[in-house]
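What follows is a set of notes on a single structure, which appears directly below.
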Amino acid sequence: MGPLIPNELIPYEWNNIIALLIGIAFGYILEASGFSSSRKLAGVFYGYDFVVLKVFFTAAIVSIIGLLYMDYLGYVDIGQLYIHPTYLWGAIIGGIIMGAGFVAGGFCPGTSLCGVAIGKIDAMVYVVGIMIGVFIFSELYTFFEPIYNGYFQGNITLMDSLGVSPFWFILFFTIFGVVAFAASDLVRKRVKKVFY
Amino acid sequence: MKELEKTKRISIAAILAILAIVIAVLSFKKPKHLYAINTKDTLEKITTYDYFISLDKINNPDYVLVDLRNQHEFDKGHLKGAIHVYAPEILSEINSDILKDLKENSKKIILYATNPNEAISSYMLLYQLGYDDIKILCVENSYHQNKLITKMLV
Amino acid sequence: MINRKLAKFLSLQYVVLALILILAAAGLLLLPKYVKHEGIDTKELLSNTFSNERYISTDELANNIVNQDPSFILIDVRDSISFKKNSLPNAINIPLKKILNEEASAYLDQDQFDVVLYSNTNFYADQAWMLCNRLGYKNLRVLKGGINEWFHTIINPTKPTENMPATAFELYSFRKAASMYFGVAYLDAIPKKVVKKVVRKKVKTVKKKKKKKPEGGC
Amino acid sequence: MKKFDNTKQNRHIYWNPYFGGLLLGLLIIFTFYITGRGLGASGAMKSSVVAIVDTVTPKHAENNAYYSKFINDDKSPLNTWLVLEALGVLVGAFLSGALTGRIKLKVQHSPKITKKRRLIFALIGGILFGLGAQIARGCTSGAALSGAAVLSTGGFITMITIFGGGYLFAYFFRKNWI
């Protein structure tokens with residue numbers, strides 16, 4: 001059946017209501033997994049709490065496996081889904097700046113919203129910061145435009161760029177994830193305990 | 001890290017997930033009839049390739065005549081040596097087996113019905129299913145005091 | 001003591017969970033490969049092919065045109081030369097070779113209008129119909145017998161002989177009226193006020209909104 | 001495991017991260033299955049900035065190349081999928097916080113640093129993240145996670161560079177956390 005709304009199996013008006021419901025589930029899961037506390041989030045960079053790595057990797061692996069199974073069984077057609085476009089240097093430079101922002105502020109946009117929801121003032125300041133960042137980007141758009149629009153390689157997937165079959169890739173990615181989980185537990189035992 | 005010790009929920013969820021996958025995969029039946037050629041190539045082929053064959057060229061051992069009309073018309077009169085595959089049931093078990101082993105021992109399938117207009121849809125369907133060695137007999141069948149007269153069309 | 005036993009049990013559970021995850025990923029590899037085919041299921045195509053509302057008879061079409069029914073488009077699948085020679089009023093010419101092109105799909109792949117495909121007989125129209133139907137285009141119909149049938153029945157209808165049933169006479173008179181509508185002059189018809197032949201205004205086809213590509217991004 | 005002394009402060013027990021990850025993965029599959037697009041978050045902030053600038057100085061918003069992309073007269077910039085999803089995140093997080101009793105107006109900072117310093121670094125982090133998210137056209141949940149789910153190369157690059165960048169700069173901000 002593929003993506004239901006684009007295939008008009010669900011009328012377009014439901015799009016907004018579904019957005020709200022998905023957001024509620026997303027917020028609930030993030031907050032319940034502990035993503036509303038910036039110190040827990042920053043743990044991934046300092047080794048005292050790898051919750052970000054575990055949740056993030058498991059979510060990626062589960063969603064890839066799930067979508068590949070559904071694509072194989074014909075429930076969803078991956079070709080119709082929105083594939084994030086690849087702007088090579090935009091992703092690299094933007095990613096590094098986001099990494100710096102992540103380790104400096106301790107949040108990312110989704111988790112900062114969770115922090116705001118449970119009353120964290122630093123999360124509110126973080127969201128204001130994000131808005132200022134967006135404002136800076138928009139004002140200096142002419143300066144950032146070449147990176148923003150440059151090196152566009154289309155909505156390509158790993159299959160096009162690495163030429164590997166998705167099934168083999170997801171197997172290696174899963175094994176890599178499990179090894180990362182085990183390693184993260186070893187690292188956490190050795191690193192100095194941080195109570196928060 | 002007390003949350004790592006609470007593994008009851010994750011174990012149940014993981015088992016449910018793997019069960020769902022196993023059930024979905026087992027209950028999945030690969031569709032029997034798959035198109036072998038997409039619509040663009042089909043269009044290209046049928047607008048260039050000549051799929052007609054005239055009546056005098058069919059006495060060849062590995063040509064097989066296939067009559068697409070219904071059982072009654074077939075019994076009333078059909079071309080010599082024609083086998084009967086009723087068009088609307090072309091995908092049924094028996095018929096697809098017949099056509100499959102025709103294709104296996106590389107027999108050329110020649111479809112005919114009362115006139116080519118009737119046979120074209122079955123031809124298109126079979127062609128897209130991968131029977132590329134297939135032609136239409138351009139002939140007009142009619143009955144005169146229920147004796148079959150086949151008139152050659154140009 | 002309990003802690004060590006608990007830790008051992010926990011690590012066993014996590015090993016099992018890791019195995020389940022790797023098993024699910026490896027399962028993908030064992031699935032038999034099959035090429036996903038394009039278009040609707042073959043059985044559905046077959047049932048559409050032999051459903052009776054696939055064809056539209058020339059009388060029905062003539063009736064629609066005479067009553068200026070705006071809800072359908074005529075598409076001639078022959079090449080442009082024969083289209084220029086003669087064709088039905090307000091028909092759009094999409095030769096069979098171009099039936100799958102982008103601009104053709106704007107006319108075919110929409111659900112505001114019924115689409116009537118026709119060619120000399122319904123041979124090429126059937127081919128176009130099969131391809132478009134496989135791609136899932138809705139409410140396509142083929143003119144039974146094509147232009148030849150149209151001429152035999154509507155433009156110069158055969159006069160029914162006396163022993164024909166009454167319905168044949170009604171049909172004949174309807175067809176004669178229709179042919180007059182299409183500008184055929186009859187000698188024996190009493191020259192009443194010739195109805196000004198209303199040429200149907202060009203059907204402005206509202207292009208169907210492109211199938212909603214999922215807009216995304218963050 | 002040494003018993004924590006400040007149980008009251010640490011009474012909130014979170015989910016097992018793998019359970020959270022599994023549910024998040026299923027949610028992403030569900031989102032792709034229903035709407036054909038992934039999750040997102042920074043897009044909501046972008047839309048709100050566009051809306052603010054559009055209301056405050058519509059003239060400026062019109063001729064700025066970036067704002068004009070998101071302004072169309074029939075719909076307000078805030079009427080996008082992401083803004084509604086972000087509202088949902090607020091509601092969902094509030095729900096979960098309320099159920100486990102974590103709702104409390106406070107600044108969470110490491111005992112070694114002052115509240116003021118924490119807020120300053122949160123602001124700097126936010127600005128950096130806002131900038132980076134616009135350049136990479138997506139944040140961790142939008143580009144990295146949803147991109148990775150459909151195996152998009154851009155998604156994987158963004159995921160690697162976010163965590164790579166984080167580890168790169170971790171040394172400079174270690175005073176804030178450890």
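The values are calculated or read from the model by the stated rules, or taken from the named source; none is laboratory data. Small disclaimer: the values here were computed from a predicted structure and weren't measured. Cβ: placed from backbone, ideal geometry, glycine included. Neighbour counts: every protein chain shown. We work out accessible area using only protein heavy atoms, side chains counted, and drop any ligands, DNA or RNA first. Shrake-Rupley method; radii C 1.70, N 1.55, O 1.52, S 1.80 Å.
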Using R₀ = 22 Å, calculate the FRET efficiency as 1/(1 + (r/R₀)^6) where r is the Cβ-Cβ separation of A:Leu140 and D:Leu168; round to 0.05. 0.40
Along the positive direction of the dipole of region C:1-127 (beta-carbon charges: Lys, Arg +1; Asp, Glu -1; about the Cα centre), which of C:Asn90, C:Phe50, C:Val16 reaches farthest? C:Val16
Rank these by accessible area, largest first, 1.4 Å probe: B:His144, D:His109, B:His78. B:His144, B:His78, D:His109
Taking a probe of 1.4 angstrom, what is the accessible area of D:Thr55 in Å², to the nearest 10? 110 Å²
Which one of D:Leu123, D:Ala144, D:Thr158 has its Cα pushed farthest toward the positive end of the charge dipole of region D:106-178, where Lys and Arg give +1 and Asp and Glu give -1 at the Cβ? D:Leu123
Would you mind working out the magnitude of the charge dipole of chain B relative to its Cα centre, with +1 at each Lys and Arg C-beta and -1 at each Asp and Glu C-beta, to the nearest 20 Debye? 600 debye
May I ask you to derive the FRET efficiency for C:Leu19 and D:Thr57 from their Cβ-Cβ distance with R0 = 45 Å, giving the value to the nearest 0.05? 0.15
For C:Phe72, residues with placed amide H under 5 Å, excluding near neighbours: C:Asp114
Quick one: helix D:17-35 against the long Cα principal axis of chain D, what's the angle to the nearest 10°, folded into 0 to 90? 20 degrees
Need one number: buried accessible surface between chains C and B, 1.4 Å probe, both sides summed, DNA, RNA and ligands left out, in Å² to 100. 3400 Å²
So how strong a dipole does chain D carry about its Cα centre when Lys and Arg Cβ are +1 and Asp and Glu Cβ are -1, to the nearest 20 debye? 1240 debye
Spatially close lysines, pair count over chain D: Cα under 16 Å, gap of eight or more or interchain: 11
Determine the per residue accessible area of the protein assembly as shown with all protein chains present and a 1.4 angstrom probe, expressed in square angstrom. 47 Å²
Short version: which residues of region A:132-148 lose at least 40 Å² of accessible area, all chains versus chain alone, 1.4 Å probe? A:Val134, A:Phe137, A:Ser138, A:Glu139, A:Tyr141, A:Tyr148
For region C:101-182, what is the charge dipole size about the Cα centre, in debye to the nearest 20, if Lys and Arg each add +1 at the Cβ and Asp and Glu each add -1 at the Cβ? 300 debye
I need the calculated FRET efficiency for the pair D:Thr114 and D:Lys69, taking r as the beta carbon distance and R₀ as 41 Å, to the nearest 0.05. 0.50
Under 15 Å by backbone N from the virtual spin label 7 Å along Cα-to-Cβ at C:Asn90, the residues of region C:26-69 are C:61-69
Can you grab the distance from the C-alpha centre of region B:51-80 to the C-alpha centre of region B:81-129, Å, no decimals? 11 Å
List the GluC sites (Glu not before Pro) within region A:1-90 that fall in a DSSP loop (any state other than H, G, I, E or B) and whose Cβ has at most 11 other Cβ atoms within 10 Å. A:Glu8, A:Glu13
Can you give the accessible area of C:Ser57 in Å² (nearest 10), computed on protein heavy atoms with a 1.4 Å probe? 50 Å²
Run the paramagnetic zone check for A:Glu8: 7 angstrom along Cα to Cβ, then residues of region D:17-41 with backbone nitrogen under 11 Å. none
Where A meets D: accessible area buried, both sides, 1.4 Å probe, Å²: 10900 Å²
In nm, give the distance between the simple-model label positions of B:His72 and B:Asn146, each being 7 Å from the Cα along the Cα-to-Cβ direction. 1.1 nm
Per residue of B:29-35, how many C-beta atoms from partner chains lie within 10 Å of its own C-beta, taken as a mean? 5
A:Lys193 versus A:Tyr151: modelled label distance in nm, points set 7 Å from Cα along the beta carbon direction: 4.5 nm
Where C meets A: accessible area buried, both sides, 1.4 Å probe, Å²: 2000 Å²
Can you show me the helix-derived [θ] at 222 nm for chain A, built from DSSP H runs with n ≥ 4 at -39,500 (n - 2.57) apiece and divided by the number of residues, rounded to the nearest 500. -22500 deg cm²/dmol
Ordering D:Ile178, B:Ile109 by how much accessible area each has at a 1.4 Å probe, largest first, what is the list? D:Ile178, B:Ile109
For region A:1-92, what does the relative contact order come out to in percent, with C-alpha contacts under 8 Å and a separation of six or more? 32 percent
Please report, as a whole percent, how much of the solvent-accessible surface of the protein assembly as shown comes from carbon and sulfur atoms (probe radius 1.4 Å). 66 percent
Specify which residue in the list B:Thr48, B:His33, B:Tyr63 is farthest towards the positive end of the charge dipole of region B:1-69, using unit charges on the beta carbon of Lys, Arg (+1) and Asp, Glu (-1), about the Cα centre. B:His33
Quote the accessible area belonging to C:Tyr118 in square angstrom, nearest 10, computed with a 1.4 Å probe and with ligands, DNA and RNA left uncounted. 0 Å²
Anchor C:Lys85: aspartates and glutamates whose Cα lies under 19 Å away (excluding residues fewer than 8 positions away in-chain): C:Asp76, C:Glu149
